[in-house]
Amino acid sequence: MGDSTVCLTYDLDAVAAWLSYDMPGFASWGVYGAEVATPRLLDLHDRYDVPSTWFVPGHTIESFPEICGDVHDRGHEIQHHGWTHRSPNDFADREAEKADIERGIESIVDLTGERPTGYRTPDGSFSEHTIDILEELDFEWDSSDSAHDFRPYALTKDPRPTLEEPYERGPKSDLVEVPLVWHRDDWMQLFPVVTGPEWVGYSQEQAVFDRWRAEIEWMKRNVDDGVFVLLLHPQCAGRAPFVSHLEALLETLKADPEITFADASTVADDYRNG
Ligand SMILES: [Zn+2]
């Protein structure tokens, strides 16, 4: 099999993750994610010299500018994750959704001097307008969709499924998809709060890492030029002992000659350039 790539991504939601929850302690969990967990994770990446992609809401950038600046200054790319971290389906109309995305772009440009090229939706969903808005605003890639587990693809403008009709894929967009799957989302596996009926809460950390390692081994044996995207949240991934499991995983992968690390922009560019 060809080279395998591991792509580590972080959603630095910080306090923005909790804006719609009326629980006083939740905001402090966001503060922890920014002020305690993020420096810890950046130190880990420095030690192993591993690149990563950080999807950061504008709300986080403007609440914690020094920490977000540190992410950028230490060589990691900052990409778009909404300004308010709201679901694209929660906006009143297309204009309101576009205004939130434009505000998020401004926050990133003010911090880094560069426009973001990539987007990750805050909740895994698109509105009927999201992909068109991303095209209008010159985004080049997205990392929210799950139509493959190991390969980038051209993101399609798929319709919502209905009870009456068979499903038909929509037309291709201009965006490359760097796909994620929720099995590789630390929050879904491990965050110890049930905030929705679909969230299982806490499970055994070693078992989660065993699964991720097994997926990577399967990819190496079965997928040419496979890409394994991991979705981590500092509020979850920065805590012990999770961070120790993550360090052990980086150590294993760093020593593996078949594995290359790349950020999500590089994965998207490689796909686009064939
Ligand atoms: Zn998020």
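The values are calculated or read from the model by the stated rules, or taken from the named source; none is laboratory data. As the structure is a computational prediction, the values presented were derived from the model and not from experiment. We place every Cβ from the backbone using ideal geometry, glycine too, and count neighbours over all the protein chains shown. SASA here: full protein model, heavy atoms, side chains in, ligands and nucleic acids out. Shrake-Rupley method; radii C 1.70, N 1.55, O 1.52, S 1.80 Å.
Please work out how much length the chain gains when fully extended from THR260 to SER20, using 0.36 nm per residue of separation minus the C-alpha to C-alpha distance, in nm with one decimal.
Working: separation 240, 0.36 × 240 = 86.40 nm, distance 3.82 nm.
Gain in length upon complete extension: 82.6 nm.
Could you calculate the contour length gain from VAL36 to GLU247, that is, 0.36 nm times the residue separation minus the distance between their Cα atoms, to one decimal place in nm? Intermediate values should be presented prior to the final figure.
Values: separation 211, 0.36 × 211 = 75.96 nm, distance 1.68 nm.
Extra length available between VAL36 and GLU247 comes to 74.3 nm.
Kindly provide the helix-only [θ] at 222 nm of the chain, computed as the sum of -39,500 (n - 2.57) over DSSP H runs of four or more divided by all residues, to the nearest 500 deg cm²/dmol? Display every interim value, and only then the final one.
Details: 11 runs with 110 residues, N = 274.
It comes out at -12000 deg cm²/dmol, rounded to the nearest 500.
What accessible surface, in Å², does a 1.4 Å probe find on LYS98, ignoring ligands, DNA and RNA and rounding to the nearest 10?
Near enough 50 Å² of accessible area.
Using label points projected 7 Å from each Cα along Cα→Cβ, tell me how many nm separate GLU102 and GLU66, to one decimal.
The two pseudo-label positions are separated by 3.3 nm.
Explain nothing, just the number: relative contact order of the chain, from Cα pairs under 8 Å at least 6 residues apart, as a whole percent.
On the way: 495 pairs, mean separation 77.1, N = 274.
Answer for the chain is 28 percent.
Any chance you could count the Lys pairs in region 4-272 whose alpha carbons are under 30 Å apart, treating pairs 8 or more apart or on different chains as valid?
Numbers: LYS98/LYS157; LYS98/LYS172; LYS157/LYS172; LYS172/LYS220; LYS220/LYS254.
Going through region 4-272 pair by pair, I get 5.
Could you give the alpha-carbon Rg of region 165-274 over 2.2 N^0.38 Å, rounded to two decimals?
Expressed relative to 2.2 N^0.38 Å, the Cα Rg reads 1.24.
Pop a pseudo-label 7 angstrom from the Cα along the beta-carbon direction at both ARG221 and LYS157 and give the gap in nm to one decimal.
According to this spin-label approximation, the distance is 4.2 nm.
So what's the gap between the Cα centers of region 111-176 and region 228-274, to the nearest angstrom?
First find each Cα centre; the distance between them is then 22 Å.
Which shape class applies to region 1-140: rounded if a/c is under 1.5, otherwise prolate when a/b exceeds b/c and oblate if not, where a ≥ b ≥ c are the square roots of the Cα gyration tensor eigenvalues? Mind showing how you got there, number by number?
Numbers: a/c = 1.71, a/b = 1.20, b/c = 1.42.
Oblate is the answer for region 1-140, as a/c is 1.5 or above yet b/c matches or exceeds a/b.
For ALA207 and ARG272, compute 0.36 nm times the residue count separating them, minus their Cα-Cα distance, and round to one decimal in nm.
Details: separation 65, 0.36 × 65 = 23.40 nm, distance 3.50 nm.
So the extension gain works out to 19.9 nm.
Charges only on Cβ, +1 for Lys and Arg, -1 for Asp and Glu: so what's the dipole of the chain about the Cα centre, in debye to the nearest 20? Present the calculation step by step, with values, prior to reporting the outcome.
Working: 22 positive and 54 negative charges, 142 e Å.
Value, rounded to 20: 680 debye.
Roughly how compact is region 4-272, stated as its Cα Rg over 2.2 N^0.38 Å to two decimals?
Dividing the Cα Rg of region 4-272 by 2.2 N^0.38 Å gives 0.96.
I want the antiparallel fraction of DSSP beta bridges within region 4-272, as a percent rounded to 5.
Working: 3 of 25 bridges.
For region 4-272, the DSSP antiparallel bridge percentage is about 10.
Rounded, prolate or oblate, given the Cα gyration tensor of region 130-172, with a/c below 1.5 counting as rounded? Walk me through the intermediate numbers first.
On the way: a/c = 2.68, a/b = 1.40, b/c = 1.91.
The shape class here is oblate.
In the chain, carbon and sulfur make up what percent of the accessible area (probe 1.4 Å)?
Exposed carbon and sulfur together represent 49 percent of the surface.
Ratio of alpha-carbon Rg to the 2.2 N^0.38 Å globular estimate for region 72-208, to two decimals, please. Before the final figure, lay out each step's value.
Numbers: Rg = 16.3 Å, N = 137, 2.2 N^0.38 = 14.3 Å.
Ratio of Rg to 2.2 N^0.38 Å for region 72-208: 1.15.
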